[in-house]
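Structure record follows, encoded as structure tokens.
We did not get these values from a lab; they are worked out from the coordinates using the rules stated. All figures in this text were calculated on a predicted structure; none of them were measured in a lab. Using ideal geometry, Cβ is built from the backbone for each residue, glycine included, and neighbour counts are taken over all protein chains shown.
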Amino acid sequence: MKLQALSQSVASALATLKLHPRRVAAGLAVLLLGTGVTAFGVAPLAPDAAQLPVTEVVEQVQALPLAPQADTLLTHRFNLYRTEQTRSTDTADSLLSRLNINDPAAAAFLRKDAAARSHIFGRGTQTISAEANDDQQLVKLSLRWPTEDLNFFKRLVVERQGRDFVSRVETERYNRSSRLVSGPINKTLRSSFDSAKLDRALSEQMVGIFSGGLDASRSARQGDRYSVYYEVLEADGEPLRTGRILAAEVVLAGQTHHAIWYVNEAATKGENRGGAYFNLDGKSLAKGYLTPLESGVLTSGFSMRMNPVLSRMTAHKGIDYAAPTGTPVRAVADGTVEFAGRQNGYGNVIFLNHGKGHTTVYAHLNSMAVSQGQAVIQGQYLGGVGSTGWATGPHLHFEFRVDGVHQDPELMARVGTSSGLSAAAMPAFRQSAGQMRQQLRADATVQQALIQ
Ligand SMILES: [Zn+2]
């Protein structure tokens, strides 16, 4: 009789499973509950559990009617979370299927929604998270991506609202953590970074930071090495991009160079707020300004010249560097993107505001990697050289303006920034620098331990 009741229970459970295949796990739990007449009791784990006697406790458990239990489970909804990587070849269907979501309405929404289409599909690999209900229906989808701004990232959210869906793009502040990388310098600092496959943003920053006192293409000696302690910008708990270098130590050709990022709170107020790189003596490493191209031939200076497009003498308000299309153009100093877009003669052009009334202009670009309002740091990649606008061939037209007046960019390098910290600022700086060096050394210790 009992066996018959049990087989009935099993049959009804199986029927439930057939009706609701999504609830296989829950159904199994029902089966175990319904048939569970045995419970095992094991003595609490003592120092050596294997040596202890195992007591089996057999207990009669009242088998509850199954149908009410199944009904309870049916009304008890639970959501499932899953994270996947998007692929450039993804369609709404292929992506949802990898996320274990079977929801034609969601697929239809992703196909027609402009925000979802532009941020999810046809892009590189991105991390996407989904929340689904136990009917494999989409509840919420979210995806994050970095902008060039070091403070904020963007998040796309697609969310169920009744029978339909809504999407929105949010701007959110990063969480910051720090990380350390180090390694030997085999040939040159630059080639070592390349072979270590370090983030391009990191090597660009290093070159920018040390450009005043260290030749990144200089040949290394035995024992040369680098350590870089930098910020990682995290979005919803996932590292999304490389932030600023906080401290670096480079031993090149036997000489040790340090760079410590330090915000001198007392001296930096309002518009000039921000930090700078110093060596251990508190001397600024700022070269003032970098050149906009790492290398390039200066073909036209700042003066009156025959305009090649208008065929008459005009004042050339900048300088031209000839370089192949796509050559990386970099920010000459920290600043904010005042404009990034198309302007007649300039073609694709970027205006950077560096504070203190200083503006730099990068024209005829083939591509632009930044957009209006973004903060950029010295050495940051802005875009590629091109020949958009009034240009006869690929070149970078570069301008330097002070309070709106065009200045000779070749003199720009001499408009230095701060040279060093005041005696009053030194104690706080030394303390900060000491902590940074400890971070760099902690890594050296780990490296030593690994070698031994
Ligand atoms: Zn020009």
TODO: Give me the distance in nm between label points sitting 7 Å out from Cα along the Cα-to-Cβ direction at Glu170 and Thr256, one decimal.
DONE: 4.6
Task: Least to most buried among Trp261, Trp390 (fewest other Cβ within 10 Å first) - done: Trp390, Trp261
Open item on the list: Using alpha carbons only, how many angstrom separate the centre of the stretch 376-390 from the centre of the stretch 185-228?
Closed with: 23
TODO: Quick one: compute the contact order of the stretch 179-278, relative version, from alpha carbon pairs under 8 angstrom and 6+ residues apart, as a percent.
DONE: 25
Task: Dipole of the stretch 179-278 [Lys/Arg +1, Asp/Glu -1 at C-beta], most positive-end residue of Val250, Ser203, Gly275 - done: Val250
Task: the stretch 179-278, dipole about Cα centre (Lys/Arg Cβ +1, Asp/Glu Cβ -1), debye to the nearest 20 - done: 360
Open item on the list: Just to confirm my numbers, what's the Cα centroid distance between the stretch 133-165 and the stretch 326-368 in Å?
Closed with: 33
Open item on the list: Let me check the size of the stretch 90-133 from its C-alpha atoms; what are the radius of gyration and Dmax in Å?
Closed with: 9.9, 28
Open item on the list: Given the C-alpha atoms of the stretch 297-412, compute the convex hull and give its volume per residue in Å³.
Closed with: 89
Open item on the list: What does the charge count around His406 come to, taking other residues whose C-beta lies under 11 Å from its C-beta (Lys +1, Arg +1, Asp -1, Glu -1)?
Closed with: -1
- [ ] Return the sequence-ordered ³J(HN,Hα) values of the stretch 166-174 in whole Hz as given by the Karplus equation 6.51 cos²θ - 1.76 cosθ + 1.60 applied to θ = phi - 60°, using x for Gly and Pro.
- [x] 10, 10, 8, 10, 10, 10, 9, 7, 5
Task: Neighbour-count ranking [beta-carbon atoms within 10 angstrom, fewest first] of Tyr81, Tyr289 - done: Tyr81, Tyr289
- [ ] Find the relative contact order for the stretch 297-412 and round it to a whole percent, using C-alpha pairs within less than 8 Å whose residues are 6+ positions apart.
- [x] 29
- [ ] Counting residues in the stretch 171-225 as N, plug N into 2.2 N^0.38 Å and put the Cα Rg over that result.
- [x] 1.33
Open item on the list: Can you report the principal axis dimensions of the stretch 79-173 using only the alpha carbons, biggest first, rounded to whole angstrom?
Closed with: 40, 27, 24
- [ ] Can you tell me the relative contact order of the stretch 79-173? Whole percent, Cα pairs under 8 Å, sequence separation 6 or more.
- [x] 26
